[in-house]
Amino acid sequence: MKLDQDAKYQDSHEWARKEGDLIVVGISDHAQDSLSDIVYVELPVIDDEIDKGDVFGVVESVKAASDMYMPVSGEIVEVNDALEDTPEVVNSDPFGEGWFIKVKPTNLDAEWDNLMDVDAYVASIEG
Amino acid sequence: MNYNPNTQADRRAMLETIGVQSVTELFADVPEKARYPKLNLPRPLSEMEMMAELTRMSDKNADAHHYACFMGAGAYNHFVPSVVGQMQMREEFYTAYTPYQPEVSQGTLQAMFEYQTMMAELTAMDVVNASHYDGATSIAEAALMACNAGRGRRKKVLVSPAVKPNYRAVMRTYFQGTDITVTGDEDPANDLEALKKMLDKDTACLALQTPNFFGELEPVQELADAVHAAGALLVVHVDPHSLGLFTPPGEYGADIVTAEGQALGNALNFGGPYLGIFAASKKYVRKMPGRLVGQTVDTKGRRGFVLTLSTREQHIRREKATSNICTNTGLVALGAAIYLAAMGKQGIRRVAELSYHKAHYAASQIDKLCNGYSLVTDKPFFKEFVIQCPKPVTEINRALLERQIIGGYDLGQRYPNRQNQMLVAVTEMNTRQQIDDFVAALKEVA
Amino acid sequence: MYESLLFEISSPGRTACSLPDLDVPEAELPSEFLRQEAVNLPEISELDLVRHYVRLSQKNYSVDSVFYPLGSCTMKYNPKVNEVAAAMPKFTATHPLQPEETVQGNLQLMYELQEAIKEIAGFADVSLQPAAGAHGEFAGVLIMRAYHLSRGDTQRNNMLIPDSAHGTNPASCAMSGFSVQQIPSDERGNIDLDALRAACNETTVGLMLTNPNTLGLFEENIEEIAKIVHDAGGLIYGDGANLNAMMGVARPGDLGIDVMHFNLHKTFSTPHGGGGPGSGPVGVVEKLRPFQPGPIVAKDGDSYTLKMPEQSIGAVKSFWGNFGVLLRAYTYIRMLGEDGLRLATEDAVLNANYLRVKVGKTCPVKYDRVCMHEFVSMGDIAEGIHTMDIAKRLIDYGFHPPTVYFPLIVHEALMIEPTETESKETLDAFADVLEKIAEEARENPELLHSAPHTTEVSRLDEVVAARKPVLRYKA
């Protein structure tokens, strides 16, 4: 299982990583593996403001669809348009090319520390 | 009569294997006081008696084989080539279930893929699903899809009053539990220009029908631009036969197209089963309700077909599905596909032309009558038109029945401003003789 | 060799259409509305068209060709007399808007079918209008909503649904504006009564109950369930998918169910048509009668007429119902009568239990107690073998696979419903084949992984189909 040591995680398997002032969000290697071949990703519209814990998109395999939840509250400033034509990169590179959205956080100080670090996430999967 | 092969010996052997004494033991979980109720049903009939009974019942009907039929209003008496029924009723098609196991359902799947393709050609739309129940449920689900496509933020469905009244009623039935409102049809005088002015940032779609309920072709050119500028979708309900002759909605910017496909190879059947045709532009395919068949390859690279994009559907998405529909009208869609393939490029135009010319002949003959009859329709129309009658339509229709004629639809029932107006439908099935007899009969009963 | 598409066998100038010459003067065509290019439909001779569809049909498995034990779908034999009846021209050539006095035969048939379903299921009223099971279910949920609102009970917006339910249940609730709360099953496959009690309150619309449930089990606590829900002011919806286990043995209306749809294309022998048309009439108890979708056929002296219930949720489709399907169901019910219907249910349940015992030796049954018309086995019978492998291998032996991976609460589910119209010999053959497949699974698992081998196409790539959808032919 691949992991990103610098990212934070939440129970629903999204990861979040700081990139300058922005937060990049994707799903973990564990999540892509249990979904198997990803065939479609539905992403929000730029400028949407979405609260932590709310659904920002859907990731689909042939037989399953999973909602994706915001790890932090904020405004969507960028979405990974490449996923429209090549959703398979979420399978091959979940922490890199397979990112979903970039968020301008609005309540980061309160929310960031509530996310799990990599060790806690691994423990939560194995537990 | 029953169709069970089990003999008493079989039953005994099976009970023994199961380890119970009698079949009744298998129903021990049914609360005792409700177990084995007496059913008060008529005595069972043999097949011979059954056919006699059905013959007696059907003899009470007047039907379009023995009567000249000028009734339309959403169900049409078009010709059904013999090849349609003969192929559609092959057991391998009609006794199969939904094609869940693609390797043993390639017949149904390929036929649906061909259906989707031919309907896409007819409507000039990108994507067509494997069918809905009928025209009414198609247009209702189209409006729902338009609301979903706007991510639930737009809640207003604008609908033309010239959309068939029953379709508008079904839309309202569908939306009664939601915060979607259906509006625009309160005033029968609201034409497309008036509806355009009602577009706003809350409008999910504008839904119209062309030819409309009164048979008239709607002036749809440039309408899509106005609808799209308001951020809404254009939903167009069509008569599929009209597209043999007239501009398909995909060419004037429709986002969702629906139609009643009954007359494409299917009998009148007293209102059902019919065929809901549902098409959309590619952009909205993930928001579409209903089943879709897609092309793919097998492990050896051979072409094959599967149900696809299933994550939209209830068995996966449950309460987040685009619709609850599962069983649709696959066999009727198959009939429509065979019909379109049998008619072909020339035939579909020919049916439309025959219907058009015969309807116009009938309209002009009635307009010449003068004794209280006149043609109300003053716009281009396809195969239906409205006439003003000198007395109530129900009275006229009763008199026509005595002359072996099923008259047209009484518009006064649903439109208070259209008392004594009859909606007349003419198809290729109506011979000149039938039309002349109809006109003569109208004259007599005035 | 694979079959060409219609478009690939098209040749300009061919046709299978025969139309009369125009016998009236031509009218002028409105040029601004005309289609610029002819519809790009195929051009094919009648024989080529016939061969195309005959060959296509041969690629299907169907009830008339093979055993088709698709769980929850009741793939019983579709009697031929039904088809002859439904094709009678004096039925098929009637227009739904003809004056009522000219369609008394149709209306009488519909009325008598309403009466028969009322009697079989124990309800006060039946509307034949809905077009399929899910459609009837949507109507039923709207009826529940209308009932609560009519009593000023406006806060009820939460529907309870067991975790074993069909996906249509939550989807129909969402379309009706209700939230959905899932109720777990207990270790015997029944609804967990404590969970149900805890969930019931003044926001409860009702419970959507499939009985027998999708595990094929009759709810052992049905009376208690009904009491809990009714005491909380809720209603019980019955999903009629499994009525084939109840005819003449138990009436849903007697068990506390308030509203229910019926799948005529399951229980009452009308064919499935490769995905419809179905028919999903709704039955209700007396207090829900005013809210029925309509119109409904009423008897007035010796004549029959269409009437809209006074507080109806409205029409749910064009016209009066899927008449062609109603006609088949009526024929079936009239020919079987009370004893025949009861025997159909008894043999359906007998066949299912016999197969449960036999198949259970190979594919363990998750909740192994007396079942009703179907049961759920598990397909992970050897290392690396999944339910899908068994399903595909069954095809090689000439059987249509059972329902797979449903209900969701059973891991590697294999849901088997034999129906009453299958013989003991067929059931034995099926069980024997499963045993043989289990042997293959241990000795040569690749044979299963690469199945089916006998069909014109092998397993199809669903990932490719979904990633880059090709939904129509393009030259």
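Readers should treat all values here as calculations from the given coordinates under stated rules, not as data from a laboratory. Being a predicted model, the structure only gives us computed values, none of them experimental. Using ideal geometry, Cβ is built from the backbone for each residue, glycine included, and neighbour counts are taken over all protein chains shown.
Things worth noting here:
- Taking every alpha-carbon pair under 8 Å whose residues sit at least 6 apart, the stretch C:267-324 reaches a relative contact order of 31 percent.
- Part-to-part distance (alpha-carbon centres) for the stretch C:328-344 and the stretch C:37-105, which is given in Å: 22 Å
- Chain B: relative contact order as a whole-number percent, Cα under 8 Å and 6+ apart: 20 percent
- The protein assembly as shown - mean residue ellipticity at 222 nm from DSSP helices (-39,500 (n - 2.57) per run, n ≥ 4, rounded to 500): -10000 deg cm²/dmol
- In the protein assembly as shown, the alpha-carbon atoms span a convex hull of 166 Å³ per residue.
- Each of C:S10, B:S131, B:S364 was scored by other Cβ atoms within 10 Å of its Cβ. Listed from fewest to most, they are B:S364, C:S10, B:S131.
- Partner shielding of C:250-262 amounts to 2, given as the average count of beta-carbon atoms from other chains within 10 Å of each residue beta-carbon.
- Cα shape, the stretch C:6-53, gyration tensor, a/c 1.5 rule: oblate
- If you take the Cα centroid of the stretch C:409-475 and the Cα centroid of the stretch C:190-236, the two points sit 35 Å apart.
- Loop sites here are GluC sites (Glu not before Pro) outside DSSP states H, G, I, E and B with no more than 14 other Cβ atoms within 10 Å. The longest part of chain B free of them is B:223-446.
- Integer Hz, Karplus 6.51/-1.76/1.60 couplings in order for the stretch A:86-102, x for Gly and Pro: 10, x, 5, 5, 5, 6, 7, 8, x, 9, x, 4, x, 5, 9, 9, 10
- Residue order, fewest to most beta carbons within 10 Å, for B:T17, C:T267, B:T108, B:T322: B:T17, B:T322, C:T267, B:T108
- DSSP bridge orientation in the protein assembly as shown - percent antiparallel, rounded to nearest 5: 70 percent
- ³J(HN,Hα), Karplus 6.51/-1.76/1.60, whole Hz, each residue of the stretch A:9-20, x for Gly, Pro: 9, 9, 3, 7, 6, 7, 10, 9, 9, 6, 9, x
- Tilt relative to chain B, helix B:135-149 - C-alpha long axis, 0 to 90 degrees, to 10: 90 degrees
- Phi angles of the stretch C:264-272 translate, via the Karplus equation with coefficients 6.51, -1.76, 1.60 and θ = phi - 60°, into HN-Hα couplings of 4, 7, 10, 5, 9, 6, 7, x, 7 Hz per residue; Gly and Pro are given as x.
- The antiparallel fraction among DSSP beta bridges confined to chain B stands at about 55%.
- Residues whose amide H comes within less than 5 Å of that of C:G206, counting only those at least five positions distant or on another chain, are C:L160, C:L235 (H built at 1.01 Å from N in the peptide plane).
- Highest-fluctuation residue, B:A146, B:A259, B:A321 considered, GNM on chain B with Cα pairs under 10 Å: B:A321
- Residue pairs, from the table B:K358/B:K443; A:K104/C:K468; A:K63/B:K155; B:K33/C:K299; B:K155/B:K379, whose Cα atoms sit over 23 Å apart: A:K104/C:K468; A:K63/B:K155; B:K33/C:K299; B:K155/B:K379
- Chain C: DSSP helices with Cα axial extent of at least 20 Å and average Kyte-Doolittle hydropathy no lower than 0.0: C:133-150, C:323-360
- Counting Lys and Arg as +1 and Asp and Glu as -1 over every other residue whose Cβ lies under 9 Å from the Cβ of C:S72, the net charge comes to -1.
- Amide H contacts under 5 Å for A:S73: A:K52, A:T106, A:N107, restricted to partners 5 or more places along the chain or on a different chain, H placed in the peptide plane at 1.01 Å from N.
- Judged by the ratio a/c of the largest to the smallest principal axis of the C-alpha gyration tensor, the stretch C:326-462 counts as prolate, that ratio being 1.5 or greater while a/b is larger than b/c.
- Under 5 Å, built H, 5+ apart or other chain: amide partners of C:V180: C:M159
- For C:S450, the shell of other residues with beta-carbons less than 13 Å away shows a net charge of -2, using +1 for Lys and Arg and -1 for Asp and Glu.
- Taking every C-alpha pair closer than 8 Å and separated by at least 6 residues, the mean separation divided by the residue count of the stretch A:1-95 gives a relative contact order of 29 percent.
- Shape call, the stretch B:151-238: gyration tensor on alpha carbons, a/c limit 1.5: oblate
- In degrees, nearest ten, helix B:8-18 long axis to first principal axis of chain B (Cα): 70 degrees
- Environment charge of C:Y304, counting only residues whose C-beta is closer than 12 Å and scoring Lys/Arg +1, Asp/Glu -1: -3
- Seen against the Cα atoms of chain B and their longest principal axis, helix B:330-367 is set at about 20 degrees.
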